[in-house]
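Report on the structure given below.
The values are calculated or read from the model by the stated rules, or taken from the named source; none is laboratory data. This is a predicted model, so every value here is computed, not measured. Neighbour counts are summed over all protein chains in view; Cβ atoms, including those assigned to glycine, are modelled from backbone coordinates with ideal geometry.
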């Protein structure tokens with residue numbers, strides 16, 4: 001499987017060519033990097049970013065490619081799946097372990113952070 005990562009504005013400008021390339025299976029949108037490339041400093045709620053995402057989605061559908069993007073929560077996975085995305089970059093294993101540990105420990109009054117005494121020097 002060949003996954004092409006779209007995270008630069010110039011890639012969006014040439015998305016039809018990229019999507020039409022034989023052997024490319026997935027168009028994965030790196031939304032944070034794309035936002036920075038557009039001068040939006042990572043902001044995910046900007047209309048310009050959404051317009052670029054929409055262009056990639058349209059090209060993927062036209063050329064019968066799978067679509068991917070980051071999705072940090074179950075709600076976002078559901079939302080983006082409804083929009084046609086099939087591949088998701090989710091959180092790291094460490095964050096999954098941390099989240100599960102908090103769900104178990106916080107109701108018991110235990111936090112993972114221990115207060116350290118101030119250094120002697």
### Summary
Across region 21-43, the tally of residues that are closer than 18 Å to residue 76 by Cα, at pLDDT 95 or above and exposed (fewer than 14 other Cβ atoms within 10 Å of the Cβ) stands at 1
### Message
Looking at (1) free of Cβ contacts under 8 Å to residues at least 24 places away in the same chain; (2) under 14 Å from the mean Cα position of the chain (by Cα), which one does residue 41 not meet, given that it meets all the others?
### Response
(2)
### Task
Name the single residue, out of those in region 8-20 being in a loop (DSSP other than H, G, I, E, B) and in contact (Cβ under 8 Å) with a residue 12 or more places away in the chain, that is surrounded by the most Cβ atoms within 10 Å (Cβ to Cβ).
8
### Which numbered condition residue 94 misses (of (1) at pLDDT below 95; (2) closer than 19 Å to residue 32 by Cα)
(2)
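Select from region 64-83 the residues that are in a helix (DSSP H, G or I) and within 25 Å of residue 100 (Cβ to Cβ) and write down the one among them that is modelled with the lowest pLDDT. Write out each step before concluding.
Here is the first cut: in region 64-83, the residues in a helix (DSSP H, G or I) are 74-82.
Those still in the list that are within 25 Å of residue 100 (Cβ to Cβ) too: 74-81.
Working: 74: 91, 75: 95, 76: 95, 77: 96, 78: 97, 79: 97, 80: 97, 81: 97.
Per the criteria, the residue is 74.
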### Query
Taking residue 56, is it touching a strand residue (DSSP E or B) at 6+ places or on another chain (Cβ under 7 Å), assigned to a helix (DSSP H, G or I) and touching a residue at least 40 places away in the same chain (Cβ under 8 Å)?
yes
